[in-house]
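J.: Here it is: the structure, laid out below.
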Amino acid sequence: MLGIEVGFNWSLIFIFAYVAWTLATAYLPDAAPGHGVVVYWVAAAIGAALFYGSLLAHELSHAVVARSHGVKVAGITLWLFGGVSRLEGEPTSARSEALIAGVGPLTSFAVAVVARSTSCPRFRSTGEGCSARSSGGAPAAGSAGCTTRSGWAEFSPT
Ligand SMILES: [Zn+2]
C-alpha cells in the first residue's frame with residue numbers, strides 16, 4: 001500500500017474477534033437498542049474492520065513521513081497489540097524523528113474525529129427505525145475511532 005509492504009500477523013484474528021464480540025454483545029445493544037442479534041454482529045464486524053483500518057492508517061502515516069525524510073521503510077506489520085512500522089536506518093535529525101513519531105497519534109486523532117463527526121451525529125439524528133448500517137455501523141465506526149484514540153495504536157514501539 002502506497003509502495004509499502006503491509007503484513008498481517010495471525011494474532012490479529014483474536015483481537016478482531018474480541019473487538020467484534022465486545023461491540024456486538026455490549027456496546028451496540030447499549031448504543032442502539034432494539035435491533036436483532038444479526039444486525040449487531042454485522043455492524044460489529046464492520047466496526048472491527050474500521051478499527052484495523054485506523055490502525056493501518058496510523059502505521060502508514062509513520063511510514064510515509066519516515067520515507068519522505070529519507071528513512072527506508074521495510075514494511076508494516078499489524079499484530080495483536082496494534083501495528084509496527086519497520087524502519088531501516090535512523091532519522092537524520094531530531095526534527096525528522098519527532099515528526100515521524102508524532103504523525104501516528106495525530107493520524108489516529110484525525111481518524112477518530114472523522115469517525116465521530118461523520119457517523120455519530122447522523123446516527124443520533126435518524127434515531128428510531130433506521131437501517132442496520134446507519135444504526136449499528138455508525139456507533140461502531142465511532143467506537144473504533146475512540147478505541148484507537150485512547151491509545152491502542154500506541155502500543156506500537158515506533
Ligand atoms: Zn505509532
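J.: With r as the distance between the Cβ atoms of PHE109 and HIS69 and R0 = 25 Å, compute the FRET efficiency 1/(1 + (r/R0)^6) and round to 0.05.
T.: Efficiency, from the Cβ-Cβ distance: 0.75.
J.: Which of the peptides 83-95, 50-62 is most tightly packed, and how do the rest follow, going by the mean number of other Cβ atoms within 10 Å of each residue?
T.: 50-62, 83-95
J.: Still on this structure, please answer the following. So if I restrict to the alpha-carbon atoms in the stretch 15-54, what is the Rg, and what is Dmax, the biggest pairwise distance, in Å?
T.: Considering the stretch 15-54 through its Cα atoms, Rg and Dmax are 9.4, 28 Å.
No value in this document is a laboratory result; all are computed from the given coordinates. Everything numeric here is computed off the predicted structure, so don't read it as measured data. Methodologically, a virtual Cβ is constructed for each residue, glycine included, from the backbone with ideal geometry; neighbour enumeration extends over all protein chains shown.
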